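Notes follow the structure.
No lab work stands behind these numbers, since they all come straight from the coordinates. Worth saying up front: this structure is predicted, and the values here are computed from it rather than measured. A quick note on method: Cβ atoms are made from the backbone with ideal geometry, for glycine too, and the neighbour counts reach across all protein chains shown.
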């Protein structure tokens, strides 16, 4: 009887209620902040991926338009470079390039030409609107006597960057 | 009732918790909404990336299809997958061309294509452009993670001209085979074939219905008789365009004047020479006595004899070998490897000064025991071959004049040897199509 009466009483209830409410509020707020932070990082990642895809497409179209005699690396083929970590050029082995990340044993010989116009070194890209930056790597490999694979690899600088983006196509010259 | 409500509202116990929970619900809802929008944006970004990859794969399909078409050189009634195939096969609807299987290009991207015959499929045309009977419609699909892009290309391909696909010895105006000859090859002409006493053609004589009947000497014959064929064609080479891609510098490095003066190659007696693979442009060539011209095994030499061709020519018409290829007295061309010389390794092209004038020195003059493994394209010249020659390859001349013993053998390896510059390939129009064909059985549909 006394216990029920005590529960009915209002003395001390505000403090307990406040403490419980504050705890729930804190947990909820922390969780919400976590969600917002995750959203932010996903948004940043999406934005970077968009910018990377745009850069890759632009570079691929530029290379696809090169005349056949110029579609190759400049005299000497690009060489492997271990830095920075994750550098796409680490997939170079001798004069070959591992063009397929899903199949590391798939390699093709890099094309080097006297009149080659595909740079051997990577280049910095920056998007003025989004103020994002990164690097673009280009590789031209020999699919056959009359076909060459163009692989463009784009990376982004900074936190929340998506993995390297590979865009590739094949250019051929007719047998005449 | 009203008193009860007032009392409830005045009572402050138990207010904080509902207020906090309510607020949290609202905030959580907003956060969840924001997160869902973000996730959707992330998916859209990934789809955009895959769409660009799929476009690259589809473009690769167009490129590989056009390459395959020029490599295989199929008849106009054939489709192309990885080989020439008939319409309506490999699961295609009747009259339609089949698609290839999916071809991977790495990193999850793949493509497949179909190449229509000129009549089985059509592509959008460029305004003002008249389609030709050689246009092919190529449709290619690129796919990455289920994202597809579909492209279409109208592609013109004129196949290369194959001079020696049907006969090894072809004369535009006449083929005069002298006495005691054995010709191991079909012979063709738009004019007349003259076969001297005791000569034999092991094969048939291929002539159009407008040609004069062949003349046979005593004991002369063609083992397979006379076959009527369409008129022989003799397309002109591009002689006018300045030549820059050649190997004349090799001669500059090897030979001094007067043997090589940058225009005429005139060997001394008994002088041998090796021509490395490449293209040579000469005003004239003279190998007077006992000369051997070697071509390294596995290499291919193309020699153009330009001659004086008018105002733009840098040759001298007064030079005795201007526009001529002369080899005499046991001269040998392309004899390696000794056991099995390859005619396809030496190709001679002669601009030609006079297709049918025996009073003038012939443009191609092989005299006395000459051995020659190669091909000659000289439809505006007389090719004269005299006295105990050994020849294997394919010859096309204005007049082919063979005298006194010896023989000629066809080399089947040259059947697919194309006349340079006669093929043409061109991209005529390009379009992106809807993701899937409008009609499932018509792979070209849904593109306009």
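General remarks:
- Computed across the range B:1-130, the Kirkwood hydrodynamic radius from all distinct Cα-Cα pairs reaches 20.7 Å.
- Shielding by partners - mean other protein chain Cβ count within 10 Å, residues of B:101-110: 5
- Chain A: most fluctuating residue of A:165, A:19, A:110 per GNM, C-alpha cutoff 10 Å: A:19
- Cβ crowding within 10 Å ranks B:442, B:322 as B:442, B:322, fewest other Cβ atoms first.
- Helix-only CD estimate at 222 nm, as mean residue ellipticity for chain B, using -39500 (n - 2.57) per DSSP H run (n ≥ 4): -6000 deg cm²/dmol
- By the count of other C-beta atoms within 10 Å, a proxy for reagent exposure, B:86, B:238 are ordered fewest to most as B:238, B:86.
- GNM on chain B, alpha-carbon springs under 10 angstrom: the most fluctuating residue among B:66, B:185, B:83 is B:83.
- Shape category assigned to the range B:114-263 from the gyration tensor of Cα positions, a/c cut at 1.5: oblate
- Shape box of the range B:290-448 [Cα atoms, principal axes, largest first, Å]: 71, 45, 26
- Computed [θ] at 222 nm, deg cm²/dmol, chain A (DSSP H ≥ 4; -39,500 (n - 2.57); rounded to nearest 500): -12000 deg cm²/dmol
- Taken along the Cα-to-beta-carbon direction at a fixed 7 Å, the label points for residue A:70 and residue A:121 span 2.1 nm.
- Range of Cα positions in chain B per principal axis (Å), largest first: 139, 53, 45
- Within the range A:40-176, the proportion of C-alpha pairs whose separation exceeds 18 Å stands at 54%.
- Semi-axis lengths, largest first, of the ellipsoid equivalent to the protein assembly as shown are 78, 28, 18 Å, with √(5λ) applied to each eigenvalue of the Cα gyration tensor.
- Test item: B:27-36 mean partner chain Cβ contacts at 10 Å: 4
- For chain A, a Gaussian network of Cα nodes joined below 10 Å ranks A:47, A:124, A:159 by mean-square fluctuation, and the top entry is A:159.
- Shielding score for A:139-148, defined as the mean number of other chain Cβ atoms within 10 Å: 2
- Beta bridges per DSSP, both residues in the range B:328-424: antiparallel share near 0 percent.
- Ordering of B:429-439, B:170-180 by packing is B:170-180, B:429-439, highest average first (other Cβ atoms within 10 Å, averaged per residue).
- Computed from the Cβ-Cβ distance with R0 of 35 Å, the FRET efficiency linking residue A:130 to residue B:439 stands at 0.25.
- DSSP beta bridge pairing in chain B, given as percent antiparallel to the nearest 5: 30
- As a proxy for reagent exposure, ranking A:108, B:231 by other Cβ atoms within 10 Å from fewest up yields B:231, A:108.
- Its residue count N sets the reference 2.2 N^0.38 Å, and the alpha-carbon radius of gyration of the range B:164-246 equals 1.27 times that reference.
- Shape of the range B:362-448, Cα gyration tensor, a/c cut at 1.5: prolate
- Distance from the Cα centroid of the range B:372-448 to that of the range B:28-62 is 50 Å (rounded to whole angstrom).
- Nearest 10 degrees, 0 to 90: helix B:16-72 Cα axis against chain B principal axis: 10
- Among beta bridges that DSSP assigns inside the protein assembly as shown, antiparallel share in %, nearest 5: 45
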